[in-house]
Amino acid sequence: MSAVIRLKRLGTKKKPHQRIVVIDSRKGRDMKALEELGYYDPTKNPPFGNLKKERILYWLKVGAKPSSTVSIIFRRSGII
């Protein structure tokens, strides 16, 4: 099993917000996640997010690969 850290879309039409989740790479975007690591709301200015830093570092250490968008969010928040 290859784990990926990526966004899971929630919210309504034109009012999106995302959860940052760890999920098997073969599963779809809205399937059941292994663990939720936080959330991200791009509609706020500046975009707002709440992240569990200890769990994110654990999953990165175990070998989970962040998606390109999630890696940008991690860099902006100072995790990577």
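Quick notes on this structure:
- Those strands (runs of 3 or more DSSP E) lying entirely in the stretch 6-80 with at least 3 residues of a type outside the set (A, V, I, L, M) and open to solvent by 50 Å² or more (accessible area, probe 1.4 Å): 15-24
- Flag if Lys14 is modelled with pLDDT of 90 or more and either more than 12 Å from the chain's Cα centre (by Cα) or charged (D, E, K, R) (or both): no
The values are calculated or read from the model by the stated rules, or taken from the named source; none is laboratory data. Because the structure is a prediction, the values reported are computed rather than measured. Heads up: the accessible areas ignore ligands, DNA and RNA and are worked out on the full protein's heavy atoms, side chains in. Shrake-Rupley method; radii C 1.70, N 1.55, O 1.52, S 1.80 Å.
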